Amino acid sequence: MNTERIFLIVLDSLGAGAAPDAADFGDEGASTLGSISKSLKFNIPNLKKLGIGNIDGLDFLGTTASPTAAVARMREASKGKDTTIGHWEISGIISETPLPTFPNGFPDEIIEKFEKETGRRVICNKPYSGTDVIRDFGREQLKTGALIVYTSADSVFQIAAHEDLIPCEELYRYCRIARKLLCGKYAVGRVIARPFNGEYPFTRTANRHDFSLEPYGRTMLDAISEAGLDSIAVGKITDIFAGRGVTKTLLSHSNDEGMRLTSEVAKRDFHGICFTNLVDFDMVYGHRNNVDGYANALSEFDAWLPDFIAGLRDDDVVILTADHGCDPGDISTDHTREYTPMIAFGKSVAPVNLGTRNTFADISATVCELLKVKFDSPGKSFAEAITLNNGN
């Protein structure tokens with residue numbers, strides 16, 4: 001297969017059913033796709049034509065005798081279920097140990113150093129829902145100028161502040177301070193700026209910004225960019241990889257904007273990868289336990305697909321996948337330990353079923369083989385298996 005352009009689109013948190021070790025994470029029985037498929041807002045005819053229902057464990061979506069894509073179910077090998085670890089594994093890093101979490105809040109030594117370097121007091125410092133935390137602490141923040149620091153079940157240090165009092169650039173500076181402080185045993189995956197505005201009840205704005213831990217190993221993005229090819233990041237991809245291996249960044253603040261930017265990239269000449277993250281599935285709907293909203297968001301993505309596909313070139317390859325689950329029908333608002341779907345299509349892609357794969361890293365191995373880029377991935381490439389001229 002002579003492939004010059006690959007579009008890798010992560011449908012953030014679109015889990016495909018509980019992983020074998022889900023119980024170890026408190027997620028036994030979780031199924032993001034299972035929950036949203038029951039909604040009246042769920043309508044994905046194009047994904048069904050591609051063959052999403054043919055993926056192991058997803059036959060409840062409806063199988064097709066003539067799928068138009070190669071499909072697989074991906075099992076995460078890393079010890080985690082968060083955005084950072086999921087994307088890193090997709091890109092070729094298997095994390096043997098989970099990133100640190102702080103279910104009781106961050107230790108005094110970190111908070112005290114942070115307060116000293118920012119010159120602002122910290123309030124909250126405990127696990128909290130992002131919308132609940134500004135409901136409960138927003139008025140105090142606006143009145144006192146203190147910073148709302150909170151975490152979740154994920155490896156995150158989140159800072160919330162009202163934009164009228166603390167402009168985004170100042171909030172981002174505080175996040176950079178936290179990022180430098182959070183090292184060693186405190187090295188969380190992400191420091192996240194969470195600005196809000198308006199009057200009570202406050203509203204989170206679209207000016208979120210992630211400050212990620214730099215990958216501790218070589219990724220496919222490093223290999224692709226070092227080979228002189230394009231590595232285009234749409235959405236929060238640049239944040240997730242701390243900018244490493246990215247040659248061009250296109251920031252987006254919603255699924256709609258991410259899809260629009262990806263369509264625009266498809267109209268350009270480039271040689272390499274366009275790596276897109278569509279965050280609304282996770283941030284807006286999964287963490288809010290909004291089943292109908294999640295279902296509708298996937299339906300909107302499905303409706304976007306035909307025009308995007310029509311604009312592809314003959315040798316383009318598109319890979320759809322996810323980084324973890326976030327079952328909106330689950331009792332918690334946290335990520336869920338799930339398999340993820342993998343759907344690969346293009347005019348040169350054979351519609352084969354690859355069964356269940358042992359690691360997300362198979363995607364990095366496949367991407368680099370298709371682009372003829374040398375990369376020592378811990379995964380196994382399925383490039384040959386999906387190539388039409390391989391007799392499939």
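The values are calculated or read from the model by the stated rules, or taken from the named source; none is laboratory data. The structure displayed is predicted, hence computed values, not measured ones. Ideal geometry is used to build each Cβ from the backbone, glycine not excepted, and the neighbour counts take in all protein chains shown. Heavy atoms of the whole protein, side chains included, go into the accessibility calculation; ligands, DNA and RNA do not. Shrake-Rupley method; radii C 1.70, N 1.55, O 1.52, S 1.80 Å.
Summed over the residues of the chain and divided among them, the accessible surface reaches 39 Å² per residue at a probe radius of 1.4 Å. Each principal axis of segment 13-152 carries a Cα extent, and these read 63, 37, 25 Å when sorted largest first. The share of accessible area on segment 154-196 that comes from carbon and sulfur is 54 percent, using a 1.4 angstrom probe.
Remark: segment 1-77 is approximated by an ellipsoid whose semi-axes, taken from the C-alpha gyration tensor as √(5λ), come to 23, 18, 12 Å, largest first. Ranking 119, 88, 44 by how far each Cα lies toward the positive end of the dipole of the chain (charges on Cβ) leaves 119 at the top. What the Cβ-Cβ distance of residue 65 and residue 310 gives, at R0 = 22 Å and to the nearest 0.05, is a FRET efficiency of 0.40. Can you compute log10 of I(q)/I(0) for segment 212-349 with the Debye formula, treating each Cα as one identical point scatterer, at q = 0.16 Å⁻¹? Each listed q corresponds, in turn, to -0.94. Mean residue ellipticity, 222 nm, helices only, the chain: the sum of -39500 (n - 2.57) across DSSP H runs of n ≥ 4, divided by residue count and rounded to 500, is -8500 deg cm²/dmol. Site pair residue 253 and residue 113 shows an inter-label distance of 3.3 nm when each label is modelled 7 Å from Cα along Cα→Cβ.
The alpha carbon centroids of segment 66-85 and segment 317-371 are separated by 3 Å. With Rh defined as the Kirkwood radius, the inverse of the mean 1/r over Cα pairs, the Rg/Rh of segment 294-392 is 1.01.
So what's the net charge close to residue 145: Lys and Arg +1, Asp and Glu -1, counting the other residues with Cβ under 9 Å from its Cβ? Counting the neighbours of residue 145, the net charge comes to +3. Rounded to 0.05, the FRET efficiency of the residue 270 and residue 200 pair, given R0 = 35 Å and the Cβ-Cβ distance, is 0.15.
Counted by Cβ distance under 11 Å from residue 370, the other residues give a net charge of -3, where Lys and Arg count +1 and Asp and Glu count -1. Taking label positions 7 Å along the Cα-Cβ direction at both residue 144 and residue 216, the computed distance is 3.5 nm, reported to one decimal. Estimated at 0.36 nm per residue, the fully extended path between residue 185 and residue 23 surpasses their Cα-Cα distance by 55.8 nm. Computed from label points 7 Å out along Cα-Cβ, the spacing between residue 79 and residue 132 is 2.8 nm.
Annotation: the chain has a Kirkwood hydrodynamic radius of 21.2 angstrom, from the mean reciprocal C-alpha pair distance.
At a Förster radius of 30 Å, what calculated FRET efficiency corresponds to the Cβ-Cβ distance of residue 2 and residue 170, to the nearest 0.05?
0.05
Against the longest alpha carbon principal axis of the chain, how many degrees, from 0 to 90 and to the nearest 10, is the axis of helix 130-144 turned? Taking Cα atoms only, the helix is inclined about 30 degrees. What is segment 170-232 by shape, rounded, prolate or oblate, if you read a ≥ b ≥ c off the alpha carbon gyration tensor as root eigenvalues and call it rounded for a/c under 1.5, prolate for a/b larger than b/c, and oblate otherwise? Cα axes put segment 170-232 in the oblate bin.
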